[in-house]
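Participant: One structure, pasted below without further comment.
The values are calculated or read from the model by the stated rules, or taken from the named source; none is laboratory data. Nothing here was measured: the structure is a model prediction, and the numbers come from that model. Heads up, the Cβs are rebuilt from the backbone with ideal geometry, glycines too, and the neighbour counts pull from every protein chain shown. Quick note on the areas: whole protein, heavy atoms, side chains included, nothing else; ligands and nucleic acids left out. Shrake-Rupley method; radii C 1.70, N 1.55, O 1.52, S 1.80 Å.
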Amino acid sequence: MIQKNRLLQILTALVLVCTLTSPCWASEQTHTQIKKLQKRIEKLEQKVKGKGRESPLAQKWMKRLTLSGLLEVEGIYKSDYQDRENSQLELATVELGVDADIHEYVSTHVLFLYEEPTDEDIEVDEAFITLGNPSHFPVYMTAGRQYIPFGFYKTAMISDPMTLQQAETQETVAQVHFEKSGVYGSVYTFNGDVDESGDNHIDNFGANLGYRTELRRDIKADFSLGYLNNIGDTDALGGHLADNSNGTIQDYVPGLAASSSIKFRDFTLIGEYITGLQEFEKEEIEFEGDGARVSAWNAELDYCVDIQGRETTWAVAYQGTAEANSLELPRDRYMASASVVLFDNNVSLSLEYAYDEDYEQSEGGSGEEAHIVTTQVAAGF
């Protein structure tokens, strides 16, 4: 606004100088033209000032909105189980979040997502309403499209842990949460994509219970347990069942998730185990000629330290699955990564190496090994 006003003032001065220094500057006609020009400039200046103003309503709504975003670009080299090599650049993630505080006890959250390589356009990844305010009262509710709290999938790696790849679940959910004195949890229900014996009802449900504590000034811990009455409705298992049994199973298979994170000074130890509590039918998910009882785990150690004023994280992990070769996941994965934060914590540069071992041929795999090297540049706001 200041620059525009300054420009108008300069323009006025130039016009006056040019006119007054002309041979006919003293004529009455010239004076009349100058006055008309001054009036036109004054009107233009008023219009510019008016465009810069925001109505009280617009100012009020802008204060209630919060925008956030994430952009990740990755370079990937792979050598697969058949020793075939390939490399590529991917726009791995684009996220744009919009949060609105409509009322002291009502807020909304919408997250748009694009991921490569997929054939999907930009999609609504999350969209839910929150009724309540945990800073004022420990019980509140969320309703809408969201990820259920079945596992917490913490990691310092670039790649998602195999617990997430097997058990992450996105649904339209009604969920009641509570948080008090370090204890937290929720109960939720939804109508999943995988139905039991052809029924199509809101009959999927789950719950989680966790505890966060600070044992000492330099020790923090977080433990949680989650239960889901139908682990077959997770995104990975549900996709497999949709392809092999038309999204219908004989009986729901419940699942259990146990997660922990312990931070001691600059070290963080992460452990997570997710499993079905019984076997699927052979026709649904098969393993070695019988029904599969799938499971996945992640054990990770992170070390975070400042190097020349930049936060740098080193991480190693061992991940694995059991009876999950139908999901095209490796049996064992060994990983190492390094990440450095740049430019006031808004940009990070990371490097990761993963060594995969496939299931044995007797288990339906290849018995071979694969290598993956990933570099990533990420920027968030």
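Participant: Which one of the conditions (1) under 16 Å from residue 169 (Cα atoms); (2) among the β-branched types (Val, Ile, Thr); (3) not in a strand (DSSP E or B) does residue 118 fail to meet, given that it meets all the rest?
Facilitator: If we test residue 118 against (1) under 16 Å from residue 169 (Cα atoms); (2) among the β-branched types (Val, Ile, Thr); (3) not in a strand (DSSP E or B), just (1) comes out false.
Participant: Give me the strands (runs of 3 or more DSSP E) completely within the stretch 203-297, filtered to those with at least 3 residues that are of a type in the set (D, E, K, R) and farther than 18 Å from residue 147 by Cα, ordered by residue number.
Facilitator: Answer list for the stretch 203-297: 204-216.
Participant: When only residues in the stretch 38-86 that are open to solvent by 90 Å² or more (accessible area, probe 1.4 Å) and in contact with a strand residue (DSSP E or B) (Cβ under 7 Å, 6 or more places away or on another chain) count, which is modelled with the highest pLDDT?
Facilitator: Going through the qualifying residues, I end up with 85.
Participant: Looking at the stretch 192-212 only, could you name the residues that are out of contact with any Leu (no Cβ under 7 Å at 6 or more places or on another chain) and either modelled with pLDDT under 95 or hydroxyl-bearing (Ser, Thr, Tyr) (or both)?
Facilitator: Answer for the stretch 192-212, where residues must be out of contact with any Leu (no Cβ under 7 Å at 6 or more places or on another chain) and either modelled with pLDDT under 95 or hydroxyl-bearing (Ser, Thr, Tyr) (or both): 192, 193, 195, 196, 197, 198, 199, 200, 201, 202, 203, 211.
Participant: Please identify the pairs in which a residue from the stretch 282-306 that is closer than 20 Å to residue 325 by Cα and free of Cβ contacts under 8 Å to residues at least 24 places away in the same chain has its Cβ atom under 6 Å from the Cβ atom of a residue that is assigned to a loop (DSSP other than H, G, I, E, B) and open to solvent by 80 Å² or more (accessible area, probe 1.4 Å), counting only partners at least 6 apart or on another chain.
Facilitator: Short answer, once both residue conditions are applied: 290/282; 291/279; 291/282.
Participant: While we're here: Checking residue 363 against (1) in contact (Cβ under 8 Å) with a residue 24 or more places away in the chain; (2) within 27 Å of the chain's Cα centre (by Cα), which test does it fail?
Facilitator: Just one mismatch for residue 363, condition (2).
Participant: Something else now. What residue, among those in the stretch 315-360 that are open to solvent by less than 30 Å² (accessible area, probe 1.4 Å) and among the hydroxyl-bearing types (Ser, Thr, Tyr), is nearest to the chain's Cα centre (by Cα)?
Facilitator: It comes out as 348.
Participant: If you don't mind, another one. Could you please give the count of residues in the stretch 298-314 that are open to solvent by 70 Å² or more (accessible area, probe 1.4 Å) and outside any loop (DSSP other than H, G, I, E, B)?
Facilitator: Counting residues in the stretch 298-314 that are open to solvent by 70 Å² or more (accessible area, probe 1.4 Å) and outside any loop (DSSP other than H, G, I, E, B) gives 7.
Participant: Here are some conditions: (1) farther than 26 Å from residue 298 by Cβ; (2) modelled with pLDDT under 95. Residue 117 meets all but one. Which one does it not meet?
Facilitator: (1)
Participant: A follow-up question, please. I need the full set of residues from the stretch 361-377 which are surrounded by 16 or more Cβ atoms within 10 Å (Cβ to Cβ) and closer than 18 Å to residue 87 by Cβ, in order please.
Facilitator: 370, 372, 374, 376 - these are the residues of the stretch 361-377 that are surrounded by 16 or more Cβ atoms within 10 Å (Cβ to Cβ) and closer than 18 Å to residue 87 by Cβ.
Participant: Out of all the residues in the stretch 189-233, which are of a type in the set (Phe, Trp, Tyr) and under 22 Å from residue 278 (Cα atoms)?
Facilitator: Correct list: 190, 205, 227.
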